[in-house]
Structures are given as C-alpha cells and as structure tokens.
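The values are calculated or read from the model by the stated rules, or taken from the named source; none is laboratory data. Note that the coordinates shown come from a computational prediction; the quantities given were computed from them, not determined experimentally. We place every Cβ from the backbone using ideal geometry, glycine too, and count neighbours over all the protein chains shown. Areas reflect the complete protein model, heavy atoms only, side chains present, ligands, DNA and RNA absent. Shrake-Rupley method; radii C 1.70, N 1.55, O 1.52, S 1.80 Å.
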Amino acid sequence: MRALTALLVVAVLLGVVWLGAGVAGWHAFFGVAVPYAAVLIFLIGIVWRVVTWARSPVPFRIPTTCGQQRSLDWIPSSTLENPHDGWGVTRRMALEVLLFRSLFRNTRTELTPTKRLVYESDRYLWVAALAFHWSFLVIFLRHLRFFLQPVPQLVTFLESVDGFFQLAVPTLFLSDVLILAALLYLLGRRLLNRQLRYISLPADYFALFLLLAVAITGVLMRYVTKVDLVAAKELAMGLVTFSPKVPTVIGTPFYIHIFFVSVLFAYFPFSKLTHMAGIFLSPTRNLANNNRKRRHVNPWNPEVEVHTYAQWEEDFHDKLVAAGIPLDKE
Amino acid sequence: MAEKTQQELLQIRYTPPRRDWMDPSVDFEARRGSWSYPAAGKNLTYLGFPNPREWSPADEDWKLPDNWREIIYEGFRERLKKFRSLRVFLDTCVRCGACADKCQFFLGSGDPKNMPVLRAELLRSVYRRDFTTAGKILGGLAGGRELTPEVLKEWYYYFYQCTECRRCSVFCPYGIDTAEITMIARELMNLVGLNINWVMEPVANCDRTGNHLGIQPHTFKDNVEFLCDELAEITGLRIDPPINKKGAEILFIVPSADYFADPGIFTFMGYLLLFEHIGLDYTLSAYASEGGNFGLFTSHDTIKRLNYKMYAEAKRLGVKWILGGECGHMWRVIHQYMDTMNGPADFLEVPKSPVTGTVFDHTASTKMLHICEFTSDLIKNGRLKFDPSRNDRYRVTFHDSCNPARGMGILEEPRYVLKSVCNHFYEMPDNTIREQTFCCGGGAGLGNDENMEMRLRGGLPRANAVQYVHEKYGVNLLTCICAIDRATLPTLMDYWVPEVGVSGVHELVGNALIMEGENERPTDLRGEPIGDKEAASDV
Ligand code: HEM
Ligand code: SF4
Ligand code: SF4
C-alpha cells in the first residue's frame, strides 16, 4: 500500500513532465527553470539543515565504544573501534563513510526449532548499499563531463575504468549495471522482507522509486533512445555559465531524466537522504572516547538542586553520633 | 503474575502482525508482566517532580494535567535545541532495518515495536508531524502521527521497555542510539508525571540518604561491619574499613547493592580483602554511599543531581582521587557525564597507584579509576599472589555489561583479572559478548518483579548464550562487573539455566588472593567448601 502510494507519486511526476515537456513543449521551463530552482532549493535546504543541526550543541561526549578502551599501557586498545584521539576518530569516520563499517557487522538472528538463538553474519545489505552508493558517486562524477570544459582527467579516467567491460556499443558502464541491480535489490528487500515492509514508510519507497526513475531514464537514453550528447552538453554548459540556451534537438526522454534529477535534488534536504550529512555529525561516532582524560564542556550545564553534605549530616545527626561516624559539626 | 512456562515464553514469532504499527494500542491489562508500576506520589513530591498522584497504567484515565500536550511539545522543542544527538538521530534514520533484530527485547518478545527503529519511530512520528515541514503539510503520508493519549500510552509502554543498552547503536550505520532517544522520551514523560517507581524510589532514596536502597548511615556501618565479621571468620583477619575518614588518600565508592545483598556482598568482601592486603589508605563514605545513578534512567538533570555527592564528598574528605567499584550504569555516568556535569575536579590529583606507582593518565581529568583497571595493574606488576585453585569449583564465563562495554570499552581488564584468579575460563559466542553483548533484561529500572515476563524475555539472548557454554564446557558461574546484573541475572539464570550462579569479578579475586597472616581458609567467601575439583568436572 505504502509502496503503491510512492509509486503513484513518481508516476504523477512522470505524467507532469511528459505533458509539460513532451506534449506542451515547455522546454525552457523544464530545461532551465526547474533545474535552477531545484539546485537552489538543494543548496539552501542542505545548508539550512546542517546549520540547524550544528546549532544544537553536543552537551555530552557519548561515543558508542565498539572495542577495547585505551587505559593501561600494556593492554592494546582498539583505535579504530574505540578511538581515543582525533586521528582515531578520523579513521573511524572514514571507515563508516567510505566502507559502511557498522553495516558490515550486520547479523541475522534465528530462533531454531530447538529454541536456540543463532546469529549469522548477513552482509547482503552491506554489499548492496556499497554497490548503490559507489555507483551513484561514480555516475555523479561521470556527469561532470557535461558541465566542465575541458573534461577533467579524473572524469575520463573514471570512464575508462568504469567502461572496462567493452561488451557493447556504446560501452557498457559497470556503474550503470550495479546501480540498477543494487536499487532493485534494496527495493526487493523492502517489499519482500516482512519486518522491513512493516517499518517502511511511503518516503522510503519514494526515495528508491525516484532513484530508479533517474537511473532507468538515464540508462534508456544512453543505450536505447540515444540522446544527442552534443546538445545535452550545450544545455548543461549553458546552465553552469549562467547563459542558458535551449537546444531544439533533444527529445522528451532527456527532459524526463533531468526532471527526475531535479526532483531528487529538491527533495534531498527535506528527507532521510540527509543521512549523507548526518553521518558526519553523529555524536556516537564522531567523538573520541577520551572522556576521563579530557573534560567535555556542556554550554548549558544547568544548576540543579542537590542534597549537600551539611544537610545530610543534619538529617542523620543522631544516627551518625550513635554509630560513631565522624561529623563535621559537633 | 502467573508465571509462564519456558515453552510458553518461547513461542516467539518474528514476523510482524498485519495491523499497521501506526495505529497505537496497548492493552495494559492483558499485558501484565511486561510493564512497571508507576512512581508513588510521595517520591515525586519529595523530588519536586510534576504531577504526583496515585494511578495505574491499566486505568483508562491517567490523570494527566490538562495541558499535557503543550507541556510535551514545549519540552520537545527545548530538547531539540539542547541535544544535537536528538535532532540528528530523528532526521537521519533511513529505516534500513539493520538494528531491527539487535534488541534483546525484540528477540525475546517478537513485538515489532521493540525493534529499535520502531521504538524510535514512536517519538519520530510525532516529531515529523509537528516539527518538520513535510510532516506539517503531508501528515500521515510523511509518516507523521498526532500525539494522542494512545500514542502517549505507547511511549510509556515501550520507552520503559528499553534498557538503554545501546546495542542497536553498534549496528546502525549512522550510530543512531535508541538509548539516547529513550532517555529523552523519558525526560518528556517525566514532565507530565509518567515515571516508574523502580526508578523514582531509588532516585528519591539516593538524594535523601545517599544511596538507592535508602540505607541510613548507621545501617551502612552495620552492614560493613557484618561483612567484616564474615571475613574474619573465613580468613582469620580483622578488617576495619574507615568510613567518612578525612585525609585518606582514596575515596572508594561502590554501588549500594554491594554492601546490601547476595551476591554483591561477596564482591564487596573481595574488595576489602584486596585493600587490606595491599595496605591501601582509603575511606568509604556513608554520604556518597552510592556509585550507581538512577538519574540516568530519569533525566539529565537528575543524573547531575545525584552524582553531585561524589566530587563534593571527595573534596570534603580531602582525598587525592576516587576509586570506583564494579557497576555498569555507574560507569557510563562517571565516564561520559560526571566530569562534564559536576567537574572540573581540579581539587583532586591524577590517580596513581600507591603500590605500583603507575599513573593512570587516561583518567587525568575525571580522576576516577575503575577497580578492574586498578587490580589489573597490581597483577601485571606482580604485586598479588593468587591460588586460583581456590576457585576450581567454578567454570567461569564473563558477561560484559552494556554500559562498560559500549559506553567505555573496558573489555580486557576484567578478563585479565579473571584469568589470573581462576583456572577455568570460557567465553560465550562472539556475537553475544564485548561490544555485541546482550542486556541482562533488567537494566534502566526495569529489574522489578511486576515486569518479570519482559525481563525473562529480554534476558533470553543472554541466557541462551550461557546455556550454550554451560552445555559445552560445563560453565557454572556467570561473572560480571555490574550491580544491576548481580541483582537480575540470578533470577534470569534460575529461570533459564538454573545450574549457573552469578558473581562479581572481585569475589573471585578475594577467593584466590593469598594474604599474609591469613589462616587456612575453611571456605570461600560464600561459605562453600574451597576448590572442589570434583564438583567442577562433574557438571
Ligand atoms: C556520505 C555519503 C553517504 C553515505 C555515507 C551513505 C550511507 C548510507 C548507508 C550506510 C545506508 C544504509 C544502507 C542501505 O539501506 O543502503 C544508506 C541508505 C540509503 N542511501 Fe545513502 N549514503 C550517502 C549518500 C547518499 C546519497 C547522495 C544518496 C542519494 C542521492 C543516498 C541514498 C540512499 C538511499 C535511498 C538509502 C536507502 C536505501 C534503502 O531504502 O534500502 N545516500 N546510505
Ligand atoms: S540501523 Fe539506524 S538507520 Fe537503520 S533502521 Fe536502525 S536506526 Fe534507522
Ligand atoms: S538501547 Fe538496547 S534495549 Fe533500547 S532499543 Fe536499543 S537495543 Fe533495545
């Protein structure tokens, strides 16, 4: 049901751009106005979001420690899982961001018929997550070819690696295959795994459908409908140099693709996709476990009512005397 | 509660029901055994907490203040401004499900709202509807829920069904810590008088008498003396630990259960023997007579309020530094909150072992050392002689307590001590120890009798792992460094693996320690015959 709602929204979006750019021919609107607006919303939104996070202080240093602390010299400490300084934290964060370290720990639990709990490591999600995110990044970087002149070396290098398997013409990019496979897997598990289906919200499906829409239209353009690349680059260069031109020769599929991309950009800051920024600000991961060595300051450390020793001594005076426990006041 | 049989409890299904989780409904009457009694009015009154009254969750009317919703919204808004953790954790969850089957309460009950992600969604759904743009416009479609009395009742049920163990946060790719969400949800509930007595009574006691159990100073002294009498009988040595002694070098603080109840008292006896043996210049305090801090299960302000006594007492007595006993949540507070809240402790000195001269540099600011760190150092430097065979009655395993494991990382020290004092040590399976350790099922104030069914369920993963080493290696002793564990694990073991007992680490230290001037020990600290090798190989 929730998946259908999300699918419906994506279908409506498709209808909008089909009618607008395809039937009515509002190319300037869909080729220029919408992308500009989307990027603007993205930039303002993401800055606003990160600033909102950053404005709330971190009152306590609460890293989740996943390994041995640093205490006595002769006990080897686990600097990656339980970092005690900034350098350790940097490496821990790098592992999280680049390799999804915590997800790598994932296990699946089963209650056997003999009523034993067994835990098996379960890395499918980790593999699919890496495949999706890395191909997304590679595809994102490959797109710089449209926006930069001359095309940076990094981009051409990426293309040559990514297109290593020259199975077809045009060259089949590995990242295209991976992103589709990974997204389908992520969607499949959301739909088929009952626990996951139970916790999934329309927004969770929407993100996946939207990304699939972006990826599928892109792939179709590249391998099936064959968009005019020169014209596409002309439009893109026009956008980044703030002198937009709308070429006449690019067809509707192209507008559909950039419309979905625009929606993705505009949606990003207001959705769970902000996890991209959030992961860097997570206080259970980005702080060093040196609590007892270095004092952490809470900017709003409140005054609280306390029961002082003097009050306590007064409260229990006679009993303290009877028990022979020394007093401050006789 | 009519106790359920193991077979009944084990009918667990991990497949969620058809009913949408967004429809709130908890039938408290039908679910007796899995919730805790509310705080007695007198405790709230003593503490100055809002809305003291007599009520029961099973009642239809919870006697909330008329403007309860505004109070919670206001409190929510305030906390969003105060805690980045709250904002980031509410905004970033992608519902990947990695945390879903990591919570012992889900594993033991199959109740989908005990998946950490859904537990957090209980709060997040309200946040979405009322604090985010998308939610304000799209409402339910964006996953928003109105804060109705039913939703609030759900909060009460599920946020007092999380032991703030942080296991979920180990597995979450963004480190989302549902314990943090639970802590803040409990703060919000406290604003309208939704608290549980097993938390608030200890808090009130601790504020008033100095410890959770409400033990007054003369009884404190009696208890310590009673344990010293026992020690004299076992070892022939007369120990007289100072109480509230000014000018001692070290203030020693333990969780109150250690001088009150079996099996904690045996751990306490172990500490005393150790200190006597090395001639430590220390003092106990009848005022700072609690290491634990149930404020952690109440609110951040309450943590600070209760924890105040430690530094205040250290200052008053003029000690150089503080040594802390075996306790789990106590160490989360000392390690991650105390210095920030009640510091700086600039009137103390960096802890230094008077025996080995080791300076414990990692405690340079807080000036508080864990007893396992202290003892490890003594052993490593060859200052203690042990006869591990005195513990031969036991085949030992070690339960990492949640807080020391995931809020500190003290994993090797207790193991090093244990392996030095006993001959038979076996680890439980990897997925159930160290940072992946399971909760005893009764932390965070849930270790009360009325919540027994949920405790036994939540403790199932731990019990299951113990059963495994019991069957495989004949393990018959589950050791730990936590007072709540020592209070709750015996019940758990009695139910699931009755052949296994529970002890602290320093109990075994006390047993094995060879002391000058002691007599041939007739029994171990429990009064059981020593080193019965037959018994150990039998099991
Ligand atoms: C620093 C950059 C990023 C990091 C470290 C990161 C990390 C992660 C991780 C660990 C997951 C959980 C595993 C999974 O469900 O796949 C995830 C999920 C997800 N990420 Fe990212 N991500 C980043 C950027 C992005 C970007 C730029 C997008 C999209 C434009 C994105 C889209 C998603 C989506 C849609 C999911 C949910 C997948 C599902 O529904 O199963 N992420 N991310
Ligand atoms: S593991 Fe983290 S991101 Fe995934 S569902 Fe749980 S809390 Fe959300
Ligand atoms: S903190 Fe522990 S008890 Fe609470 S939801 Fe997470 S795993 Fe469960």
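For the reader, a short list of remarks on this structure follows.
- Any hit, region B:142-152, residues being away from ligand 2 (no atom under 15 Å from the Cβ), part of a loop (DSSP other than H, G, I, E, B) and of a type in the set (A, V, I, L, M, F, W, C): yes
- Checked against the criterion of being at the interface with chain A (Cβ under 9 Å from one of its Cβ atoms), at pLDDT below 95 and not in a helix (DSSP H, G or I), region B:344-358 contains not a single residue that satisfies it.
- Among (1) away from ligand 2 (no atom under 16 Å from the Cβ); (2) farther than 28 Å from B:T437 by Cβ - the single one B:Y156 does not satisfy: (2)
- Test: residue in region B:80-100 that is within 10 Å of another protein chain (Cβ to nearest Cβ), of a type in the set (S, T, Y) and either outside any loop (DSSP other than H, G, I, E, B) or farther than 20 Å from B:E164 by Cβ (or both): yes
- Of the residues making up region A:109-124, those that are surrounded by 14 or more Cβ atoms within 10 Å (Cβ to Cβ) and within 7 Å of chain B (Cβ to nearest Cβ) are A:T109, A:L111, A:K115, A:L117, A:Y119.
- The set of residues in region A:189-219 that are within 13 Å of ligand 1 (Cβ to nearest atom) and away from every other protein chain (no Cβ under 13 Å) comprises A:F209, A:L210, A:L212, A:A213, A:V214, A:A215.
- Some residue of region B:454-468 being more than 16 Å from ligand 1 (Cβ to nearest atom), under 13 Å from the mean Cα position of the chain (by Cα) and away from chain A (no Cβ under 14 Å): no
- Condition met for B:M22 (open to solvent by less than 50 Å² (accessible area, probe 1.4 Å) and either within 16 Å of ligand 1 (Cβ to nearest atom) or within 29 Å of the chain's Cα centre (by Cα) (or both)): no
- B:L80 being aliphatic (A, V, I, L, M), more than 30 Å from A:R194 (Cα to Cα) and in contact (Cβ under 8 Å) with a residue 60 or more places away in the chain: no
Yes/no per residue for (1) open to solvent by 50 Å² or more (accessible area, probe 1.4 Å); (2) in contact (Cβ under 8 Å) with a residue 12 or more places away in the chain:
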| site | (1), (2) |
| --- | --- |
| A:A33 | no, no |
| A:Y36 | yes, yes |
| A:F42 | no, yes |
| A:W48 | yes, yes |
| A:W53 | no, yes |
| A:S56 | no, no |
| A:T64 | no, yes |
| A:Q69 | no, yes |
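- Single match in A:I216, A:I199, A:I179 (criterion: modelled with pLDDT of 95 or more and within 16 Å of ligand 3 (Cβ to nearest atom)): A:I199
- The lone exception for B:S109 - which of (1) open to solvent by 10 Å² or more (accessible area, probe 1.4 Å); (2) more than 14 Å from ligand 3 (Cβ to nearest atom); (3) more than 8 Å from chain A (Cβ to nearest Cβ) it fails: (2)
Yes or no, residue by residue, for (1) open to solvent by less than 40 Å² (accessible area, probe 1.4 Å); (2) more than 14 Å from every other protein chain (Cβ to nearest Cβ); (3) of a type outside the set (D, E):
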{"residue": "B:E3", "(1), (2), (3)": "no, yes, no"}
{"residue": "B:F28", "(1), (2), (3)": "yes, yes, yes"}
{"residue": "B:G33", "(1), (2), (3)": "yes, yes, yes"}
{"residue": "B:P52", "(1), (2), (3)": "no, yes, yes"}
{"residue": "B:E60", "(1), (2), (3)": "no, yes, no"}
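- Options A:F100, A:F147, A:F132, A:F136; residue that is within 30 Å of A:V219 (Cα to Cα) and more than 16 Å from ligand 1 (Cβ to nearest atom): A:F147
- Number of the exception - B:E187 against (1) more than 16 Å from ligand 3 (Cβ to nearest atom); (2) open to solvent by 10 Å² or more (accessible area, probe 1.4 Å): (1)
- A:N301 meets each of the listed conditions (1) assigned to a loop (DSSP other than H, G, I, E, B); (2) touching an Asp or Glu at 6+ places or on another chain (Cβ under 7 Å); (3) open to solvent by less than 60 Å² (accessible area, probe 1.4 Å) apart from (2).
- Scanning region B:112-123 for residues that are more than 8 Å from chain A (Cβ to nearest Cβ) and within 16 Å of ligand 1 (Cβ to nearest atom) gives B:P116, B:A120.
- Positions within region B:315-332 being assigned to a helix (DSSP H, G or I) and crowded, with 24+ Cβ neighbours inside 10 Å, in sequence order: B:G328, B:H329, B:M330, B:W331, B:R332
- Qualifying residue in region B:146-163 (condition: in contact (Cβ under 8 Å) with a residue 24 or more places away in the chain and farther than 19 Å from B:W21 by Cβ): yes
- Residue within region B:340-351 that is open to solvent by less than 10 Å² (accessible area, probe 1.4 Å), β-branched (V, I, T) and assigned by TED's automatic domain parsing to the domain that holds B:M310 present: yes
- Failed item in (1) more than 8 Å from chain B (Cβ to nearest Cβ); (2) under 30 Å from B:P344 (Cα atoms), with A:V261 passing the rest: (2)
- Restricting attention to region A:212-226, the residues that are under 18 Å from the mean Cα position of the chain (by Cα) and surrounded by fewer than 22 Cβ atoms within 10 Å (Cβ to Cβ) add up to 1.
- Any hit, region B:398-420, residues being among the acidic types (D, E) and open to solvent by 10 Å² or more (accessible area, probe 1.4 Å): yes
- Residue that is farthest from B:Q104 (Cα to Cα) [pool: residues in region B:119-137 that are open to solvent by 20 Å² or more (accessible area, probe 1.4 Å) and touching a Gly at 6+ places or on another chain (Cβ under 7 Å)]: B:R129
- Subset of region B:97-106 (residues that are closer than 29 Å to A:H133 by Cβ and either more than 6 Å from ligand 2 (Cβ to nearest atom) or buried (at least 24 other Cβ atoms within 10 Å of the Cβ) (or both)): B:A98, B:C99, B:A100, B:D101, B:K102, B:C103, B:F106
- In region A:74-102, the residues that are over 17 Å from B:C172 (Cβ atoms) and away from ligand 3 (no atom under 16 Å from the Cβ) reach residues that are among the hydroxyl-bearing types (S, T, Y) and not in a loop (DSSP other than H, G, I, E, B) with C-beta atoms within less than 8 angstrom, at least six apart or across chains, in these pairs: A:I75/B:S376; A:I75/B:Y416.
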